[in-house]
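For reference, the structure is listed below as structure tokens.
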Number of protein chains: 2
Amino acid sequence: MPVKKTPLPKGFKLAVARAGIKGPGLAKGRNDMALIYSERDAALAGTFTTNKVIGAPVVMNKQKARSASSNSARAIVINSGNSNSCTGARGMRDVRRMAALSAKHLGIDEDHVYVCSTGVIGVPMPMGVVRPGLKNLAEGILEGASGKSGASVEAAARAIMTTDSYPKFLSRTVKIGNRIARVTAVCKGAGMIEPDMATMLCFVMTDIAVEKPALKSALKAAVGDSFNMLTVDGDQSTSDCVLLMANGALGNAPLKKNSVGLKRFSKALAGMCYEMATMIARDGEGATKLLQVVVEGARTGAQAKKAAKAVANSLLVKTAVYGADPNWGRILPVLGRGGIFMDPLKVDIFIGKVKIASNGLAVAGAAAVKRARKELKKKEVLIRVDLKVGKASARAISCDLTEEYIRINSEYTT
Amino acid sequence: MPVKKTPLPKGFKLAVARAGIKGPGLAKGRNDMALIYSERDAALAGTFTTNKVIGAPVVMNKQKARSASSNSARAIVINSGNSNSCTGARGMRDVRRMAALSAKHLGIDEDHVYVCSTGVIGVPMPMGVVRPGLKNLAEGILEGASGKSGASVEAAARAIMTTDSYPKFLSRTVKIGNRIARVTAVCKGAGMIEPDMATMLCFVMTDIAVEKPALKSALKAAVGDSFNMLTVDGDQSTSDCVLLMANGALGNAPLKKNSVGLKRFSKALAGMCYEMATMIARDGEGATKLLQVVVEGARTGAQAKKAAKAVANSLLVKTAVYGADPNWGRILPVLGRGGIFMDPLKVDIFIGKVKIASNGLAVAGAAAVKRARKELKKKEVLIRVDLKVGKASARAISCDLTEEYIRINSEYTT
């Protein structure tokens, strides 16, 4: 877990507010809005859900991110409790209103404000409570700017939670030339999680100056191996966004593609995205264990990813992990479902360090089963599959499936 | 539920035995083997799992079904408790031995004996107990032939159960010319059920004479709209078979393709397969409700099937059905995941008879939600989606997802 006082990169401020939006996972009196604010114009890169059914905020953010000039992001408004998805023309009006009101309160350009909403689908935004919330957020920032501290990273991470059981945030430093830069991120996500891309909300802030094409490619690579390899329940949200703001407060010359500085930043970013993806999986609705599935020896990278995700998504595998049952007979058929080049009689399967199946057959002796069961009782479980038909590999990030997932999702009321 | 004394078609006999194979769902002292026996050579058609990881019995049955001449099936040996899958060369030797021993005991050709096994994966068949079981089965048949009655349809259906909570069987009559023919079927299946094809075991017997090509096409059509549209947990078994035996004891001229008789038989067969698929879904591990998903107005039949299956497979939809939550905001994003031509702002969603979303937006008023919740509290739930982009439709058969599914599958030990 991150330490209490997580630092922000230079030139960023946060604010939180309690608007009173009702929604799943939102306890009464909880903060349900957050604002990320950069004192300087920042470059922005974003990745968005590929679902065709997308929320009004995603529609607006995609348009803004596409048409934006290099340094054109100043603020991200986030609310939990209502996703403003499947809300039609009214939803589009509401999200544009949210951006416009925030811009007015903050005294910035409306086009520089992004909005992310997470929560119930198909219910109009309760603008009556959102409007004063937006005002409170802006006041929090302006007060912060005028001497007070603004909200903490943890408070912002808490305000964007829905069914999450803990706030998710982290911060790292990166050396750029001889300056020490900072990257800080918050994210949320617990259910309705099956990427392609990104199945949750994540906001990354850095004070490094990065050229926009370089920023975009760094984000795309980081997300491809982290959030896009994450699955909790195979269901895809309508609201997923990862937004990365680089405001250049560090004062470095903007990082270009293929530069040493960009490589360092990209590595830190990829590591942070991977760590946040494991945080989300660990907090998967009802989860008791983090499950990672590594597939090696696949023909292509795409096949390795597909195979790893299929195993990580199998209900029978996830319940076996929950029950600490080293039943590799549930793993092999998942690989055989189709679309993956494999030969059942070549496959090796490991649970943790224990080889449980060799060339598609059980490893002889009760000792392996006993040792594998021990591995499955750990809080972090690794299933490793070697297809032995190629050189590609991939890792999927998931969790076990428990009665609690069912309870949460059968009691979640519209 | 079928009546107690379910009739067999003419010329068929059944036997059951208690071999003592240990496996999931098998209570001590339960029958775990069954034999379907035709007194005359029967035409056989089969459909098999498309998983690449398939059990030794499936490998053997596919070979036999492909190379078989017109009337070449006499017996099907079935055991529960062990699927003889992922058992390599030893598994192939064991299944051939099972066929050979049964043939010897019954005094028939080894090539005319099919074997189906269901149960745990990756554990060698316990041939020490299976061998005497095969002898007992044959004795049951020969005694039956010599005046005793053999086993009942229900007893056979019980003997092939694993985690099933009740036996699944039914029988219908079909008029062929001026003769009354009979079709009787038994099947099993409760978990590890996601077709393509067929995710369970099903055996259909009829006394009608049918030409082999006609028999095959009738079975393929029936399975395509029933077992192949069935999903309990998205996991695909290694052992799935539907075997159809037509022994001609009715004395009719063998039915040809496009004949009136074949149409009647095909209709009865399709209806029976559909009914059995709903029996399996109703008995889905931990299920409390049958869930049917109808997708209409799709561009193509394949898209309609894909969409219906995706909704029927969504954990969030299945838990919402369990909790009687008319949350259509979980349904629409499933359709948007990809691969289905749709426009979110055209989609209508019905729960039972209640329209809950119209053109992708919530139907105004609390009355619809209240009425939809009532529909969801029924034992049989219908979700109907109209994409309004074409004329194709499909129906998927599924069930709700409950804590009990998790319990069963986390406690199921290897």
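Observations on the model:
- Annotation: amide H-H contacts under 5 Å for B:ARG337 (H modelled 1.01 Å from N, sequence separation of 5 or more, or interchain): A:LYS52.
- Cα gyration tensor shape of segment A:15-57, rounded if a/c is under 1.5, else prolate or oblate by comparing a/b with b/c: oblate
- Along each principal axis, taking the top coordinate minus the bottom one, the Cα set of segment B:290-411 gives 44, 34, 20 Å in descending order.
- Residues A:LYS377 and B:ARG30, FRET efficiency given R0 of 35 Å [Cβ-Cβ distance, rounded to 0.05]: 0.65
- On Cα atoms only, tilt of A:56-67 relative to the major axis of chain A in degrees: 80
- Relative contact order, percent, chain A [alpha-carbon distance under 8 Å, six or more residues apart]: 17
- Each residue of segment A:215-230 was assigned a 3J(HN,Hα) from its phi angle through the Karplus expression (A = 6.51, B = -1.76, C = 1.60, θ = phi - 60°), giving 4, 5, 5, 5, 5, 4, 5, 5, 6, x, 9, 10, 5, 6, 10, 9 Hz with x at Gly and Pro.
- Model label points for B:VAL59 and B:LYS22, set 7 angstrom from Cα along the Cα-to-Cβ axis, are 2.6 nm apart.
- Checking Cβ-Cβ separations below 4.7 Å across chain A identifies A:CYS86, A:CYS116, A:CYS241, A:CYS273, A:CYS399 as cysteines lacking any candidate disulfide partner.
- Note on B:78-88: average number of Cβ atoms from other chains within 10 Å of each residue's Cβ is 3.
- Mean separation of Cα contacts under 8 Å, 6 or more apart, over the residue count of segment B:347-408: relative contact order %: 34
- Residue among B:MET98, B:MET33, B:MET229 with the largest mean-square fluctuation in a Gaussian network model of chain B, springs linking Cα atoms under 10 Å: B:MET98
- Annotation: amide H-H contacts under 5 Å for A:GLY81 (H modelled 1.01 Å from N, sequence separation of 5 or more, or interchain): A:THR118, A:GLY119, A:VAL120.
- Total charge dipole magnitude, the protein assembly as shown, about the Cα centre, Cβ charges on Lys, Arg, Asp, Glu only, Debye to nearest 20: 580
- Dividing the radius of gyration of the alpha carbons in the protein assembly as shown by their Kirkwood radius gives 1.04 for Rg/Rh.
- Subtracting the Cα-Cα distance of B:THR288 and B:ARG179 from their residue separation scaled by 0.36 nm leaves 35.2 nm.
- Summarising the amide proton neighbourhood of B:ARG18: residues at separation of 5 or more, or on other chains, whose placed amide H is nearer than 5 Å comprise B:ASP32.
- Residue-span extension gain [A:VAL260 to A:LYS220] - 0.36 nm each, minus C-alpha spacing: 12.6 nm
- Karplus-derived 3J(HN,Hα), 6.51/-1.76/1.60, for each residue of segment B:30-39, Hz, glycine and proline x: 7, 5, 10, 9, 9, 9, 9, 10, 10, 6
- Using a 7 Å Cα-to-Cβ projection, A:GLU39 label spacings across copies, nm, ascending: 9.7
- Residue of chain A with the smallest Cβ distance to the axis mapping A onto B, distance rounded to whole Å: A:GLU403, 2.
- Across A:GLY323, A:GLY29, A:GLY122, mean-square fluctuation computed from a Gaussian network of chain A (C-alpha pairs under 10 Å connected) peaks at A:GLY29.
- Within a Gaussian network of chain B (alpha carbon springs, distance under 10 Å), most fluctuating of B:VAL123, B:VAL204, B:VAL77: B:VAL123
- Across peptide A:361-370, the mean count of Cβ atoms from other chains lying within 10 Å of each residue's own Cβ comes to 2.
- Order of B:THR319, A:THR288 under a 10 Å beta carbon neighbour criterion, fewest first: A:THR288, B:THR319
- Taking the helices alone, chain B has a mean residue ellipticity at 222 nm of -10500 deg cm²/dmol, built from -39,500 (n - 2.57) per DSSP H run of at least 4 residues and averaged over all its residues.
- Using a 7 Å projection from Cα along Cα-to-Cβ, the label point at B:ARG172 is separated from the same position in the remaining copies by 6.2 nm, smallest value first.
- Spin-label pair A:LYS135/A:GLU39, simplified geometry with 7 Å Cα→Cβ offset, distance in nm: 2.7
- Label 7 Å beyond Cα on the Cβ vector: B:LYS22 copy-to-copy distances, nm: 5.4
- From phi via Karplus (6.51, -1.76, 1.60), per-residue ³J(HN,Hα) for segment B:151-159 in Hz, x at Gly/Pro: 7, 7, 4, 5, 4, 5, 4, 5, 5
- Once the C-beta distance of A:GLU411 and B:ALA253 is scaled by a Förster radius of 56 Å, the resulting FRET efficiency is 0.40 to the nearest 0.05.
The numbers here are math on the coordinates, done by the rules we state, and not lab data. Here the structure is a predicted model, which is why all the values come from computation and not from measurement. Glycine gets a Cβ as well: all are built from the backbone with ideal geometry, and neighbour counts include every protein chain shown.
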